[in-house]
Amino acid sequence: MSARPPLIRRAHPADLGQIEAIVEAAYSPYIPRMGQKPGPMLDDYAALIAAERVHVAEIDGEVVALLVLLPQQDAMLLDNIAVSPRAQGKGLGRALMDLAEAEARAAGFDRIRLYTNLLMTENLVLYPRLGYREALRVREKGFDRVYFEKPI
């Protein structure tokens, strides 16, 4: 991968295969821990792309990360963020988190919300370091989820 900065843009239907491959690579390691596929592996990315809810980061023409944002009544939901394992450590996750907050503000929200699975313990430590506070723990769609919120 080059040292050129990534291009961040809305996803196109032609990106679907690369998006699904990133989701597979990013979330498959959690299957043994959770005993099932994580929620993001079950999403309909073709529908999310068609609804213009997906942004991607591209390096040298290759999609290497994705962000899914879903407006809710009272906040923007950062529904999924995933970086290809081979592109991790390049600041892509942080750039997409910053984009999520900017998109939420532009849409008129004063906070952003996200969730993670209770068994994805790394995220329970990461999100508070990024300014998110735990808001709710709930069993939802067969998953134990921890919701976090951040004022923006």
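Amide H to amide H under 5 Å from LEU130: which residues, 5+ apart in sequence or cross-chain, H placed 1.01 Å off N in plane?
The answer is none.
Divide by every residue of the chain the summed helix terms, -39500 (n - 2.57) for each DSSP H run of at least 4, and state the resulting mean residue ellipticity at 222 nm, rounded to the nearest 500 deg cm²/dmol.
-8500 deg cm²/dmol
In the chain, which helices (entire DSSP H runs) extend 15 Å or more along their own long axis, judged by Cα positions, while averaging at least -1.0 on the Kyte-Doolittle scale?
The qualifying helices are 16-27, 92-106.
Could you derive backbone 3J(HN,Hα) for segment 131-148 from the dihedral phi with the Karplus parameters 6.51, -1.76 and 1.60 (θ = phi - 60°), listing whole Hz in sequence and x where the residue is Gly or Pro?
Karplus-based 3J(HN,Hα) across segment 131-148 equals x, 8, 10, 5, 10, 6, 10, 8, 8, 8, 6, x, 10, 8, 10, 10, 8, 10 Hz.
Hey, could you get me the Stokes-Einstein D for the chain, Kirkwood radius over alpha-carbon pairs, 37 °C and 0.692 mPa s, rounded to whole µm² s⁻¹?
D = 208 µm²/s.
Which ³J(HN,Hα) values, rounded to whole Hz and listed in residue order, are derived for segment 34-51 from phi using the Karplus coefficients 6.51, -1.76 and 1.60 in 6.51 cos²θ - 1.76 cosθ + 1.60 with θ = phi - 60°, glycine and proline given as x?
8, x, 6, 5, x, x, x, 6, 9, 6, 8, 5, 4, 5, 5, 5, 4, 7
Rounding to the nearest 20 debye, state how big the charge dipole of the chain is about its Cα centre with +1 on each Lys and Arg Cβ and -1 on each Asp and Glu Cβ.
The calculated dipole for the chain is roughly 420 debye.
Treating cross-link reach as a plain straight distance, find the lysines whose alpha-carbon is under 23 Å from the alpha-carbon of LYS141, omitting any fewer than eight places away in the same chain.
Answer for LYS141, where 23 Å is the Cα cut-off: LYS37, listed by chain and number.
Give me the net charge for the shell around ARG53: Cβ to Cβ below 11 angstrom, other residues only, Lys and Arg +1, Asp and Glu -1.
Neighbourhood net charge equals -4.
Read-outs: derived from the displayed coordinates by stated rules, not from any lab. Worth saying up front: this structure is predicted, and the values here are computed from it rather than measured. Note that we place each Cβ from the backbone using ideal geometry, even for glycine, and neighbour counts take in every protein chain shown.
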